[in-house]
1. Could you please let me know if Pro126 is assigned to a loop (DSSP other than H, G, I, E, B) and within 15 Å of the ligand (Cβ to nearest atom)?
2. Residues in the range 17-53 that are within 21 Å of Gly177 (Cα to Cα), in contact (Cβ under 8 Å) with a residue 12 or more places away in the chain and among the aromatic types (Phe, Trp, Tyr): how many?
3. Could you run through the range 70-121 and say how many residues are under 16 Å from Phe170 (Cα atoms), of a type in the set (Val, Ile, Thr) and not in a strand (DSSP E or B)?
4. Pairs needed: first member in the range 199-227, over 18 Å from Val186 (Cβ atoms) and of a type in the set (S, T, N, Q); second member anywhere, modelled with pLDDT under 95 and in a helix (DSSP H, G or I); C-beta distance under 9 Å; at least 6 residues apart or different chains.
5. Of all residues in the range 199-221, how many are more than 10 Å from the ligand (Cβ to nearest atom) and among the small types (Gly, Ala, Ser)?
6. Do the conditions hold for Phe150, that is, is it under 19 Å from the mean Cα position of the chain (by Cα), touching a residue at least 60 places away in the same chain (Cβ under 8 Å), within 30 Å of Val51 (Cβ to Cβ) and near the ligand (Cβ under 8 Å from one of its atoms)?
7. Limited to the range 187-198, what total is found for residues that are in contact with a strand residue (DSSP E or B) (Cβ under 6 Å, 6 or more places away or on another chain), surrounded by 18 or more Cβ atoms within 10 Å (Cβ to Cβ) and free of Cβ contacts under 8 Å to residues at least 60 places away in the same chain?
8. Within the group Arg34, Arg59, Arg46, which residue is of a type in the set (Lys, Arg), at pLDDT below 95 and more than 7 Å from the ligand (Cβ to nearest atom)?
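The values are calculated or read from the model by the stated rules, or taken from the named source; none is laboratory data. Worth saying up front: this structure is predicted, and the values here are computed from it rather than measured. So basically every Cβ, Gly included, is an ideal-geometry build from the backbone, and we count neighbours across all protein chains shown.
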Amino acid sequence: MQNEKIVILTGAGISAESGLGTFRDEGGLWAQHRIEDVATPEGFHRDPDLVHAFYNARRQQSAAATPNAAHIALARLEKEHAGEVLIITQNVDGLHEKAGSKNVLHMHGRLDGALCATCDHRWTAPPEMRTSDTCPNCSAPTTRPDIVWFGEMPYDMDEIWQHLEGADLFAAIGTSGEVYPAAAFVQDAKASGAHTIELNLAPSSRVSDFAETCFGPATEIVPLWVT
Ligand code: BV8
């Protein structure tokens, strides 16, 4: 991996062994809640209390969670390859940063972030966000979790596409490959000549796009892959 531009896409599977639920596995978050109700702007407009309760519970669970051997291995990879490793995470927990990773793009936002829908001000979210909260910057009663919902533009897309264009190695770790545009990143990286590898508990729906695959729990396969 020496002197290679390494772009890593992570999904909920990398945080599963830290006790944070995934979305589409047996009993996952989308089995407990309808996406339309808790992860769309329309759902938030319809019932902000329900959406705040959904994210408050995950924010508190995420704050108490600790990074696992997979997060720690990626932080070590970044340290050993200064300036050449970028993590693009679909996850909204802060476990990559807790493990010591610095170069992380949260394309779907973060649980510890709050956003004002009126003035776009961002601040650190309190453990419990409430519909009655007002923006600390403009005082409007239009605060929301700083999360990218379905139908909303993911963050940092231009920067992400630039990094995919320049990647020598693209790894997808713990993602089902069901959500776009993240699910198509492997094709963007391949088109730019990158070697591609999927590290997952089970084959994702995009497995045939990858040049290489490695299956097993992230805490076992990621530290081995990094060495
Ligand atoms: C966009 C919020 C335009 C945060 C999420 C109609 C209208 C509008 C858009 C669309 C439409 N039809 C399709 C779309 C696009 C849509 C989409 O993809 N829909 C899908 C359902 C078809 N996408 C969007 O709307 C996106 N925006 O398209 O805007 C645009 C397009 C291009 C460029 C610019 C703009 C916005 C998508 C973001 C939505 N927000 N979450 C939150 O609540 O967390 S997405 C949600 O799914 C999660 O955030 C997560 O990030 C994402 C992906 O899930 P995974 O991370 O992969 O998790 P999953 O449970 O699915 O899989 C877990 C994997 O781990 C499995 O493979 C499992 O085997 C593995 N695993 C489990 N345990 C382990 C393990 N692996 C290793 N070790 C283990 N121990």
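1. Values: assigned to a loop (DSSP other than H, G, I, E, B): yes; within 15 Å of the ligand (Cβ to nearest atom): no.
The answer is no for Pro126.
2. Residues meeting the conditions: 1.
3. 0
4. none
5. Final tally of qualifying residues: 2.
6. It is true that Phe150 is under 19 Å from the mean Cα position of the chain (by Cα), touching a residue at least 60 places away in the same chain (Cβ under 8 Å), within 30 Å of Val51 (Cβ to Cβ) and near the ligand (Cβ under 8 Å from one of its atoms).
7. Matching residues across the range 187-198 total 3.
8. Arg34
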